[in-house]
Amino acid sequence: MLASGSLTRALFLRRDESSTRGVTDAERIAELEEQLRQRDARIAELERTVGELSKVIDAWKRGHRVRPGGKIAQKPRDKRRATGRGPGRPEGHEGTSRPAPTSADRDVPVPLPETCACGGIVDPTGEEPGEHFVEELIPARKEVIRLRRCRGRCRDCKAPVLAPLPGGLGPSPKLGVRAQAEIVQSKTELGLTLGQTKKLFERQGLTVSRGGIQQILHRSAEVLAAGHAALKAAIPTAAVAWADESAHKVDGASGYLWLVMTPEVVLYEADRSRGQEVAQRLFQGFTGTLHSDFYSVYWTLAGIAHAPCWGHLCRSARQIAERQPDSEAATTFHDRLSGLYGRGAAAQGRPATAERNARAIKGDLKTLATDVDLAENADVARLQRRIVRHLPELVTFITNPDLEGTNNRSEREFRPHAIGRHRSGGARSDAGAQTYAINLSVVRTVHLHGGDFIDTFQRARIAFHEGGDFPTLFPGQPATPARSAPLH
């Protein structure tokens, strides 16, 4: 009661004080409510600002070309002028559509309707029927083959003899060679998961479990291991190579898939490490010119020439310009750098003057890299230092028609793997990663030469199971001794 009485007296005293100042309780409440409204508006404004800045930070992390809101730092480029042409045929040329087949596998008669669109009766005229060609897929189905193996007996030792299975089927197969080759291609070229491959084969009437699919992939890698070894052995003899690496997790832990390309070879190597020891192992004995990005491990390789990727350099400059649209130094640096690459690419196509143009471009590139005004931007200064370190190598491609200004070839080759990795998330084990790398290497090399993987796979199985040389992956070169010991 005492406390309640004290509180009541305090309220009356406060009310009396407010009255003496000429401010009523209602006015005081209204004032406080207005302050709360202003504070809420300020909080909402700050939340919007935080949201916009979060988008900018996310775009910076992803390296997006366009900043949130669609604003870009440099002027938009004309797509037709940038690529040399737009979609479709060149201006002035007649349009075209899908060419019609010249023959049909079967004819399907289409009867006349009984009535016309106007409602009248339709009478046949006896004229030659009109033709319209449609291309259709024949539903795929499995074929069960019964191999009747003849029996005999040896005259000398009297041992029973059973005719071996033909066509590289192996000792006790459940699926044919073509079906196994399709499983390998669905994983390597299409990037399908085991579950997706299972569904694909079920549509064709062939039931196979996820475990069975993985077992086929492992056994196929054993068969193709000799081809993978032949690809490794061919790298030191190449004059030009391309290299890149990409994440490929193993059982959820860090892992990498390394790529080495030459005009003849597509080699993938799975490894837990992204360190220089892997690069040195892959390029042991190589003395040619290597296309790569600016990843430092490639620059530890001794005895080789380098052709660094202008695409990575220009992309970094572009991203800086887009993240800093108010920086004149960033925009100027990107525009000048892109112009120099354009000059270099054009000069490579004119061999008669390539040497002179290379010297001029090298001088202009050095001028750009030592521009102190541009160096006031810390990010630009970082790229300037990179140019100074690799200045001689950046112009190497201009005077050598066998080289390229970018490492785009290896990045394009990695795209099917990137799609498959997005679906599957990587490998479950080191053995699975190794299996994937071997199968992918042979499939992509056969594709590079325009060959038929199913035919190559069948000949490889014959060599593996019946003894003989692995079929050559390089047209015009001898075969490779087949591997006799299993991988796993």
For this session: Give the residue, chosen from Val260, Val208, that is free of Cβ contacts under 8 Å to residues at least 40 places away in the same chain, crowded, with 18+ Cβ neighbours inside 10 Å and assigned to a strand (DSSP E or B).
Result: Val260
For this session: Within segment 171-183, identify whether any single residue is farther than 24 Å from His218 by Cβ, out of contact with any Cys (no Cβ under 7 Å at 6 or more places or on another chain) and polar (S, T, N, Q), and answer yes or no.
Result: no
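Can you find, within segment 332-388, the residue that is farthest from Pro401 (Cα to Cα) among those that are among the acidic types (Asp, Glu) and in a helix (DSSP H, G or I)? Steps first, please.
Initially, segment 332-388 is screened for residues among the acidic types (Asp, Glu), giving 335, 355, 364, 371, 373, 376, 379.
Now narrow it down to the ones that are in a helix (DSSP H, G or I): 335, 355, 364, 376, 379.
Details: Asp335: 25, Glu355: 12, Asp364: 22, Glu376: 37, Asp379: 33 Å.
For segment 332-388, the residue satisfying everything is Glu376.
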Exercise. Looking at segment 435-442, is at least one residue surrounded by 19 or more Cβ atoms within 10 Å (Cβ to Cβ), touching an Asp or Glu at 6+ places or on another chain (Cβ under 7 Å) and within 30 Å of Thr370 (Cα to Cα)?
Worked result: no
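Got a sec? Which of Leu403, Leu337 is in contact with a strand residue (DSSP E or B) (Cβ under 9 Å, 6 or more places away or on another chain) and touching a residue at least 12 places away in the same chain (Cβ under 8 Å)? Walk me through how you get there before you give the answer.
Values: Leu337 fails: in contact with a strand residue (DSSP E or B) (Cβ under 9 Å, 6 or more places away or on another chain).
Answer to the check: Leu403.
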For this session: Go through segment 371-388 and give me each residue that's of a type in the set (Asp, Glu) and surrounded by fewer than 16 Cβ atoms within 10 Å (Cβ to Cβ).
Result: Asp373, Glu376
Problem set entry | Subset of segment 307-331 [part of a strand (DSSP E or B) and either among the hydrophobic types (A, V, I, L, M, F, W, C) or surrounded by fewer than 18 Cβ atoms within 10 Å (Cβ to Cβ) (or both)] | Ala307
For this session: Return only the number of the condition from (1) under 30 Å from Leu175 (Cβ atoms); (2) at pLDDT below 90 that Val144 does not satisfy.
Result: (2)
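Is it fair to say Arg385 is closer than 20 Å to Gln324 by Cα and under 34 Å from the mean Cα position of the chain (by Cα)?
Details: closer than 20 Å to Gln324 by Cα: yes; under 34 Å from the mean Cα position of the chain (by Cα): yes.
When the stated conditions are applied, Arg385 passes them.
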Exercise. When you go through (1) β-branched (Val, Ile, Thr); (2) at pLDDT 90 or above; (3) under 47 Å from the mean Cα position of the chain (by Cα) one by one for Ile72, which number turns out not to apply?
Worked result: (2)
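With among the hydrophobic types (A, V, I, L, M, F, W, C), at pLDDT below 95, within 30 Å of Met261 (Cα to Cα) and surrounded by 15 or more Cβ atoms within 10 Å (Cβ to Cβ) as the only criterion, which of Leu192, Leu217, Leu224 stands out?
Working: Leu217 fails: at pLDDT below 95; Leu224 fails: at pLDDT below 95.
Within the list Leu192, Leu217, Leu224, the selection yields Leu192.
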Problem set entry | Positions within segment 343-365 being closer than 17 Å to Ala307 by Cα and among the basic types (Lys, Arg), in sequence order | Arg343, Arg359, Lys362
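Somewhere in segment 410-423, is a residue of a type in the set (Val, Ile, Thr) and surrounded by 17 or more Cβ atoms within 10 Å (Cβ to Cβ)?
Our first condition is that a residue be of a type in the set (Val, Ile, Thr); within segment 410-423, this holds for 419.
From the residues that got through so far, the ones that are surrounded by 17 or more Cβ atoms within 10 Å (Cβ to Cβ) too are none.
The answer is no, given that none of the residues of segment 410-423 is of a type in the set (Val, Ile, Thr) and surrounded by 17 or more Cβ atoms within 10 Å (Cβ to Cβ).
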Exercise. Does any residue in segment 366-377 that is without any contact (Cβ under 8 Å) to a residue 40 or more places away in the chain and assigned by TED's automatic domain parsing to the domain that holds Asp335 come within less than 7 Å, Cβ to Cβ, of a residue that is among the acidic types (Asp, Glu) and assigned to a loop (DSSP other than H, G, I, E, B) six or more places away or on a different chain, and which pairs are these?
Worked result: none
Exercise. Do we find that Glu202 is in a helix (DSSP H, G or I) and acidic (Asp, Glu) in this structure?
Worked result: yes
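Considering Ser429, Ser410, Ser441, which residue is polar (S, T, N, Q) and in contact with a Gly (Cβ under 9 Å, 6 or more places away or on another chain)? Break it down into steps so the answer makes sense when it comes.
On the way: Ser429 fails: in contact with a Gly (Cβ under 9 Å, 6 or more places away or on another chain); Ser410 fails: in contact with a Gly (Cβ under 9 Å, 6 or more places away or on another chain).
It is Ser441.
With the requirement that a residue be surrounded by 19 or more Cβ atoms within 10 Å (Cβ to Cβ) and either at pLDDT below 85 or not aromatic (Phe, Trp, Tyr) (or both), what does segment 466-485 give you?
Our first condition is that a residue be surrounded by 19 or more Cβ atoms within 10 Å (Cβ to Cβ); within segment 466-485, this holds for 470-471, 473, 480, 482-483.
Pro471, Leu473, Thr480, Ala482, Arg483 - these are the residues of segment 466-485 that are surrounded by 19 or more Cβ atoms within 10 Å (Cβ to Cβ) and either at pLDDT below 85 or not aromatic (Phe, Trp, Tyr) (or both).
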For this session: Considering only residues that are in contact (Cβ under 8 Å) with a residue 40 or more places away in the chain and charged (D, E, K, R), look in segment 168-205 and name the one that is nearest to Ser441 (Cα to Cα).
Result: Glu189
For this session: State yes or no: is Tyr268 crowded, with 22+ Cβ neighbours inside 10 Å, among the aromatic types (Phe, Trp, Tyr) and in contact with a strand residue (DSSP E or B) (Cβ under 8 Å, 6 or more places away or on another chain)?
Result: yes
Exercise. Within the bounds of segment 250-263, is there any residue that is more than 24 Å from Ser316 (Cα to Cα), among the aromatic types (Phe, Trp, Tyr) and at pLDDT 95 or above?
Worked result: no
For this session: Hey, could you check segment 406-428 for residues that are among the polar types (S, T, N, Q) and outside any helix (DSSP H, G or I) and say which is nearest to Gly342 (Cα to Cα)?
Result: Thr406
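For the subset of segment 389-405 comprising residues that are in a helix (DSSP H, G or I) and in contact with a Pro (Cβ under 7 Å, 6 or more places away or on another chain), which member is surrounded by the most Cβ atoms within 10 Å (Cβ to Cβ)? Can you show your working first?
As a first pass, look at segment 389-405 and keep what is in a helix (DSSP H, G or I): 389, 391-394, 396-399.
Retained after the next criterion (residues that are in contact with a Pro (Cβ under 7 Å, 6 or more places away or on another chain)): 393-394.
Details: Glu393: 15, Leu394: 26.
For segment 389-405, the residue satisfying everything is Leu394.
The values are calculated or read from the model by the stated rules, or taken from the named source; none is laboratory data. A quick note: this is a predicted structure, and the numbers were derived from the prediction, not measured. FYI the Cβ positions are ideal-geometry reconstructions off the backbone, even for glycines, and counts take in every protein chain you see.
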